[in-house]
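Some notes on the structure that comes next.
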Amino acid sequence: MADLPILTIVFEILTRLPAKDVGRSKSVCKQWYALLSTQDFVRIHCSRSLVSSNQRVLLIDDLPCFVRPIISKSNDYGPSSIVTFPFHHQNNDVSILSHLNGLLCVCLNHTYELLLWNPTTTAFKRLSTPDSHGFYINKLDAVGLYVDADDDYKVLHIKRRSGVLGVYVYSREVDSWRNIPFITRQEYLSPHFNWSAGTVCGGTLYFTFKEISFPPVPSIGMVQGVLVNVKNVLHIFASTGMFEMTIDLWTLQGDYWIKVLSCPPIPPISLSLW
């Protein structure tokens, strides 16, 4: 043990700490700050954190948003805790668009700006630029988070403007947007073609489940679905209702959806799992 470099020992310990403790550890010294900011550390910490006991459900409504842990053994939610928004926020002003490894991509509805936000550390980054990148229009756009082969976190933004479809990628490492080629089909350009939020599962970024049937939920009031990745298996939060929403978590087994979790009726919300 005495022959092991001190940074190796520190690295093995810190990659197993909760995200909040890692954030506090960055202030210990410049050497720790540099170590904890590397892509290798982020990648290993995320891989060791991806266990069911660490997964949380974030719910946003007219009140301050709150977080509930998922208890996988009993298929139930744990006690909720309040999350404070670090950016300017008004009631019903924040929409969750995509999530990955504890990082959320959200939209400020009054400015249309895209933000990357870590609810655990409260850190956030605005993605809007003077040349109109990083602005999201509901029902026309779609957003997905993923990590590339170099462990760089990327935001994929699909935009429909005046009958033209454009696809742009934001790199967190480079802090810039770029346009990428995309195979366009005519139905993609129609405003009646609805894209779902992007969800990474099994190395694939899913945007819409056109070939997958929706779970068998009552079609009363508003019906919506949010795809999520749980233990690398495709799931969906299906919510129904009008003045109160019933939210169920379903898992896809073959061609059928199986309900695995139910939530008591609550006011209409925006939700995500991370």
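Points worth noting:
- Yes/no for LEU252 being buried (at least 17 other Cβ atoms within 10 Å of the Cβ) and modelled with pLDDT of 70 or more: yes
- Residue count for the stretch 82-137, restricted to those that are on the phi > 0 side of the Ramachandran plot, open to solvent by 60 Å² or more (accessible area, probe 1.4 Å) and either touching a His at 6+ places or on another chain (Cβ under 6 Å) or at pLDDT 80 or above (or both): 2
- Among the conditions (1) at pLDDT below 75; (2) under 20 Å from the mean Cα position of the chain (by Cα), the only one that ILE9 does not satisfy is (2).
- Positions within the stretch 15-38 being open to solvent by less than 50 Å² (accessible area, probe 1.4 Å) and in a helix (DSSP H, G or I), in sequence order: ALA19, VAL22, GLY23, SER25, LEU35, LEU36
- In the set (1) closer than 26 Å to VAL94 by Cβ; (2) modelled with pLDDT of 80 or more; (3) open to solvent by less than 50 Å² (accessible area, probe 1.4 Å), ILE180 fails one condition alone, (1).
- Residue within the stretch 53-68 that is open to solvent by less than 60 Å² (accessible area, probe 1.4 Å), closer than 29 Å to ASP248 by Cβ, at pLDDT 65 or above and assigned to a loop (DSSP other than H, G, I, E, B) present: no
The values are calculated or read from the model by the stated rules, or taken from the named source; none is laboratory data. Please read these numbers as outputs of a predicted model, since none were measured by experiment. For neighbour counting, all protein chains shown are included, and Cβ atoms are generated from backbone atoms with ideal geometry for every residue, glycine included. When the accessible area is computed, the model is the full protein with side chains, heavy atoms only, and any ligands, DNA or RNA have been set aside. Shrake-Rupley method; radii C 1.70, N 1.55, O 1.52, S 1.80 Å.
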